[in-house]
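Please read the structure below before turning to the comments.
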Amino acid sequence: MNFDKEFILLKLKRMGKYITVFLKWLMLSIITALVCGGAGCLFHMLIELATDFRSEHNFIIWFLPVGGVVIVFLYHIFKLEKIGGTNYVINSIRKDGKVPFTMAPGILTGTVLTHLLGGSAGREGAALQLGGSLGSSLGRIFKLDDKDMHVIVLCGMSAVFTALFGTPLTAVVFVMEVISVGVIYDSAIMPCVFSSVFTYYITLILNIHPVNYILNDIPAISPVSLIQSIALGVIFAVASIFLCVSFSKGEALLEKVIKNDYIRAAAGGLAIALLTLLFGTDYNGSGMGIVDNAILNGTARPEAFLLKLLFTVITLGCGFKGGEIVPTFFVGATLGCTIAPLIGMDPGFGAALGLVGVFCGATNAPIASMLLSIELFGVEGLPYFIIICSASYMLSGYFSLYKSQIIVYDKLKAVFINRNTK
């Protein structure tokens, strides 16, 4: 009888612990959605306003060198010049989860300025850094321990990512998958899902529309179409390697050639202005309009992916702020649109495959990439996206947009390697 009583008390105690932790993270998830998700929505609207203003006033591109100097000065004031952006946030999750609060206003202001003045950059780098910074600040306010700090930083990142892209499933899996490839922080699933979904609800209230497409020409599954998708997966893997190396080597080269941060930013801004004069405005900002055209209309210039890569390497390598993922979407979509017709596949569908395939190879996040394909394009073409992601992930090797990312298990064999990407 005593044994039964002790057993029941033990079970009740354990149940109480689960309920307590659940309620704790429910509360923290709601707060994270309000703070980080709200900041992400504000950031989303500021980027849209900046893009619209730039589109109507093309002369503003000539102020880009001044903007670059302002951003460098701002990062100097905030003491962020030695902090490696998204890589710093990724590293912090594996350590103490502490990210300086000043990263939030720094990356938000720097990214909005970059988009306003015509630099070529994405916004997800800001999403991960803004969410990481605000999430870490919330963790300090609530005096969370180191383990819980990791989780709330992931919650903040997933919330802001959702606010910017409207893809809550992708946001949750991406922030957990991208840290250590092969290992997912299972304890973060519930808090990240709640933070992400609550944020998604906030975006709907604010009438911020999610990104999604209707694909017009998805081929029936056949030996030919499967071989075509495998071939594209190989091409996108090579493209992702080229993209990662370009970003890494390009930034290192620019820092080596122009050592002064202020002069490098001004020179980079002038270079982008001159390139815009030469090639047009397609490659300024995020370039999502070109991505839309490639997917929906099946048209893209053959050289577009190379020019976008050039614009982005100069922009980010010279000290402007933003992210690499939307440019990765651009490169993948325009490359896929160009290559697909050469092997007998619809260019619009090829653009969709390219967007997901190059993203997968460059981030080493195959599960998130598969979910991204569902949230952006639906499930009808899912077999092709799965093939593309599988091939691109395996063949992209140990290259990544994020040098602090760790590959825990080898891509070719079930062997523990725990090595950094390159």
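Do we have ALA300 as aliphatic (A, V, I, L, M), assigned to a loop (DSSP other than H, G, I, E, B) and modelled with pLDDT of 95 or more here?
Working: aliphatic (A, V, I, L, M): yes; assigned to a loop (DSSP other than H, G, I, E, B): yes; modelled with pLDDT of 95 or more: yes.
So ALA300 fits the description; yes.
Only one of ILE221, ILE272, ILE258, ILE202 is surrounded by 15 or more Cβ atoms within 10 Å (Cβ to Cβ) and more than 30 Å from ILE60 (Cβ to Cβ). Can you tell me which?
Numbers: ILE221 fails: surrounded by 15 or more Cβ atoms within 10 Å (Cβ to Cβ); ILE272 fails: more than 30 Å from ILE60 (Cβ to Cβ); ILE258 fails: more than 30 Å from ILE60 (Cβ to Cβ).
Just one listed residue meets the conditions, ILE202.
Applying the selection to segment 278-308, what residues are exposed (fewer than 15 other Cβ atoms within 10 Å of the Cβ) and among the small types (Gly, Ala, Ser)?
Within segment 278-308, GLY280, GLY289 meet the criteria.
Return a yes/no flag: does segment 187-194 have any residue that is hydroxyl-bearing (Ser, Thr, Tyr), open to solvent by 40 Å² or more (accessible area, probe 1.4 Å) and modelled with pLDDT under 90. Break it down stepwise before answering.
At the first step, the residues of segment 187-194 found to be hydroxyl-bearing (Ser, Thr, Tyr) are 187.
After this cut, where a residue has to be open to solvent by 40 Å² or more (accessible area, probe 1.4 Å) as well, the list is 187.
Now restrict to residues that are modelled with pLDDT under 90: 187.
Taking every residue of segment 187-194 in turn, at least one turns out to be hydroxyl-bearing (Ser, Thr, Tyr), open to solvent by 40 Å² or more (accessible area, probe 1.4 Å) and modelled with pLDDT under 90.
Pairs please, first residue from segment 24-43 and within 15 Å of TYR200 (Cβ to Cβ) and open to solvent by 10 Å² or more (accessible area, probe 1.4 Å), second anywhere and assigned to a helix (DSSP H, G or I) and of a type in the set (Ser, Thr, Tyr), Cβ atoms under 9 Å, 6+ apart in sequence or on different chains.
ILE30/SER195; LEU34/THR199; GLY38/THR199
Please state which one of ASN216, ASN207, ASN212 is without any contact (Cβ under 8 Å) to a residue 24 or more places away in the chain and either assigned to a loop (DSSP other than H, G, I, E, B) or open to solvent by less than 30 Å² (accessible area, probe 1.4 Å) (or both). Write out each step before concluding.
Details: ASN216 fails: without any contact (Cβ under 8 Å) to a residue 24 or more places away in the chain; ASN212 fails: without any contact (Cβ under 8 Å) to a residue 24 or more places away in the chain.
Going through ASN216, ASN207, ASN212 in turn, just one is without any contact (Cβ under 8 Å) to a residue 24 or more places away in the chain and either assigned to a loop (DSSP other than H, G, I, E, B) or open to solvent by less than 30 Å² (accessible area, probe 1.4 Å) (or both): ASN207.
Name the residue, out of GLY344, GLY322, that is in contact (Cβ under 8 Å) with a residue 12 or more places away in the chain and surrounded by 23 or more Cβ atoms within 10 Å (Cβ to Cβ).
Working: GLY344 fails: surrounded by 23 or more Cβ atoms within 10 Å (Cβ to Cβ).
Being in contact (Cβ under 8 Å) with a residue 12 or more places away in the chain and surrounded by 23 or more Cβ atoms within 10 Å (Cβ to Cβ) holds for just one of GLY344, GLY322, which is GLY322.
Just one of VAL181, VAL175, VAL211, VAL151 is touching a strand residue (DSSP E or B) at 6+ places or on another chain (Cβ under 6 Å) and at pLDDT below 95; which is it? Break it down stepwise before answering.
Values: VAL175 fails: touching a strand residue (DSSP E or B) at 6+ places or on another chain (Cβ under 6 Å); VAL211 fails: touching a strand residue (DSSP E or B) at 6+ places or on another chain (Cβ under 6 Å); VAL151 fails: touching a strand residue (DSSP E or B) at 6+ places or on another chain (Cβ under 6 Å).
Of VAL181, VAL175, VAL211, VAL151, the one residue that is touching a strand residue (DSSP E or B) at 6+ places or on another chain (Cβ under 6 Å) and at pLDDT below 95 is VAL181.
Restricting to segment 224-239, what's the tally of residues that are open to solvent by 80 Å² or more (accessible area, probe 1.4 Å) and within 24 Å of LYS308 (Cβ to Cβ)? Steps first, answer last, please.
So the first thing to find is which residues in segment 224-239 are open to solvent by 80 Å² or more (accessible area, probe 1.4 Å), and the list is 224, 227, 230, 238.
Then drop every residue that is not within 24 Å of LYS308 (Cβ to Cβ), which leaves 238.
Number of matching residues: 1.
Does segment 248-260 contain at least one residue that is charged (D, E, K, R), more than 24 Å from SER369 (Cβ to Cβ) and touching a residue at least 24 places away in the same chain (Cβ under 8 Å)?
Residues of segment 248-260 charged (D, E, K, R): 249, 251, 255-256, 259.
Now restrict to residues that are more than 24 Å from SER369 (Cβ to Cβ): 249, 251, 255-256, 259.
Among the residues that remain, those that are also touching a residue at least 24 places away in the same chain (Cβ under 8 Å) are: 251, 255.
Yes, segment 248-260 has at least one match.
What about PRO366, is it open to solvent by 10 Å² or more (accessible area, probe 1.4 Å) and closer than 16 Å to PHE329 by Cα? Break it down into steps so the answer makes sense when it comes.
Details: open to solvent by 10 Å² or more (accessible area, probe 1.4 Å): yes; closer than 16 Å to PHE329 by Cα: yes.
In short, yes.
Pairs please, first residue from segment 276-292 and touching a residue at least 12 places away in the same chain (Cβ under 8 Å) and farther than 18 Å from THR111 by Cα, second anywhere and acidic (Asp, Glu) and in a loop (DSSP other than H, G, I, E, B), Cβ atoms under 8 Å, 6+ apart in sequence or on different chains.
So the pair list comes out as ILE290/ASP282.
Take the residues in segment 325-339 that are of a type in the set (A, V, I, L, M) and within 15 Å of VAL238 (Cα to Cα), then tell me which one is surrounded by the most Cβ atoms within 10 Å (Cβ to Cβ). I'd like the intermediate steps shown before the answer.
Taking segment 325-339 and keeping what is of a type in the set (A, V, I, L, M), we get 325-326, 331, 333, 335, 339.
Right, trim to within 15 Å of VAL238 (Cα to Cα) and you get 331, 333, 335, 339.
Details: VAL331: 31, ALA333: 33, LEU335: 31, ILE339: 22.
Looking at residues that are of a type in the set (A, V, I, L, M) and within 15 Å of VAL238 (Cα to Cα), I get ALA333.
The values are calculated or read from the model by the stated rules, or taken from the named source; none is laboratory data. Since the structure is predicted, the reported quantities are computational estimates derived from the model, not experimental observations. Every residue, glycine as well, gets a Cβ built from its backbone with ideal geometry; the counts of neighbours run over all protein chains shown. Areas reflect the complete protein model, heavy atoms only, side chains present, ligands, DNA and RNA absent. Shrake-Rupley method; radii C 1.70, N 1.55, O 1.52, S 1.80 Å.
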